[in-house]
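Structure record follows, encoded as structure tokens.
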Amino acid sequence: MGSEKTLTKKPNIGSIGDMKSQTTVLILALCFFGAALSFADDSLMGTWKLNETKSKFTAEANKNHTVVYETVGENVKITVDGKDKDGKSTHNEWSGKFDGKDYAVTGDPTSDTRSYKKVNDHTLAMTVKKDGKVTSTGQVVVSADGKSRVVSTSGTDSGGKKVSNKVVYDKQQ
């Protein structure tokens, strides 16, 4: 007789419909949690402060004192604050994906686009362009413990002279 109840045309109110919506909500929650966890666990994200004593700059180089990597929707936003060679404050921003495509830079007179490509969990390859021409390339490498990162770049300055910089940053808590 118990099987007759399952074969009747009477719906079992509150079971099937509720189960579908509960399953859908659970799946969506897990997707959002997984996406948030992947961004939160990314070693590149956070605030980085310049360690000037460990860095090697050319005389013409800007000194980017604070660099912030954060997620904004599906993109990454990089905000850079520092000083130029004359001691004037600088500020620029880049938003995009780590997919190797060019995305606009605002506030930087030496570049109008940058592209970043994730090489692995601790390394980004970077290309900087001005008016469509590559002005520098490099990489960002985060240490295994996630407490520091090194930005190594090489390219040409505004006078056409070859330059390279190795800049060290410490992660802020």
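The values are calculated or read from the model by the stated rules, or taken from the named source; none is laboratory data. Please read all numbers here as calculations on a predicted model, not as lab measurements. Positions of Cβ are backbone-derived with ideal geometry, glycine not excepted, and every protein chain shown enters the neighbour counts.
To keep it simple, each residue is scored yes or no on (1) surrounded by 13 or more Cβ atoms within 10 Å (Cβ to Cβ); (2) within 18 Å of the chain's Cα centre (by Cα).
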position: THR66; (1), (2): yes, yes
position: THR71; (1), (2): yes, yes
position: GLU74; (1), (2): no, yes
position: VAL80; (1), (2): yes, yes
position: ASP86; (1), (2): no, no
position: ASN92; (1), (2): yes, yes
position: PHE98; (1), (2): yes, yes
position: TYR103; (1), (2): yes, yes
position: PRO109; (1), (2): no, no
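Assess whether ALA59 counts as being exposed (fewer than 15 other Cβ atoms within 10 Å of the Cβ), in the same structural domain as GLY146 (by TED's automatic domain parsing), of a type in the set (Gly, Ala, Ser) and part of a strand (DSSP E or B).
Details: exposed (fewer than 15 other Cβ atoms within 10 Å of the Cβ): yes; in the same structural domain as GLY146 (by TED's automatic domain parsing): yes; of a type in the set (Gly, Ala, Ser): yes; part of a strand (DSSP E or B): no.
Spelling it out, it is not the case that ALA59 is exposed (fewer than 15 other Cβ atoms within 10 Å of the Cβ), in the same structural domain as GLY146 (by TED's automatic domain parsing), of a type in the set (Gly, Ala, Ser) and part of a strand (DSSP E or B).
For every residue, the table says whether it meets (1) in contact with a strand residue (DSSP E or B) (Cβ under 7 Å, 6 or more places away or on another chain); (2) among the basic types (Lys, Arg); (3) over 21 Å from THR47 (Cα atoms).
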| site | (1), (2), (3) |
| --- | --- |
| HIS65 | yes, no, no |
| ASP86 | no, no, yes |
| LYS118 | yes, yes, no |
| LYS130 | no, yes, yes |
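Would you pick out the residues in region 71-98 that are in a loop (DSSP other than H, G, I, E, B) and of a type outside the set (Lys, Arg)?
GLY73, GLU74, ASP84, ASP86, GLY87, PHE98
Out of region 103-124, which residues are in contact (Cβ under 8 Å) with a residue 40 or more places away in the chain and either within 23 Å of LYS88 (Cβ to Cβ) or of a type in the set (Lys, Arg) (or both)?
THR110, the sole residue that qualifies.
Please give the number of the condition VAL140 fails out of (1) modelled with pLDDT of 95 or more; (2) more than 23 Å from GLU70 (Cα to Cα).
With respect to (1) modelled with pLDDT of 95 or more; (2) more than 23 Å from GLU70 (Cα to Cα), VAL140 is out only on (2).
Can you tell which of PHE33, PHE39 is surrounded by 10 or more Cβ atoms within 10 Å (Cβ to Cβ), modelled with pLDDT under 55 and closer than 24 Å to ASP102 by Cα?
Values: PHE33 fails: closer than 24 Å to ASP102 by Cα.
Only one candidate passes the filter, namely PHE39.
Out of the residues in region 134-151 that are without any contact (Cβ under 8 Å) to a residue 24 or more places away in the chain and over 21 Å from ASP99 (Cβ atoms), which is surrounded by the fewest Cβ atoms within 10 Å (Cβ to Cβ)?
ASP145
Would you mention how many residues in region 112-122 are assigned to a loop (DSSP other than H, G, I, E, B) and closer than 25 Å to LYS49 by Cβ?
Taking region 112-122 first, the residues assigned to a loop (DSSP other than H, G, I, E, B) are 112, 121-122.
Of the ones still in play, those that are also closer than 25 Å to LYS49 by Cβ are 121-122.
Total satisfying the criteria: 2.
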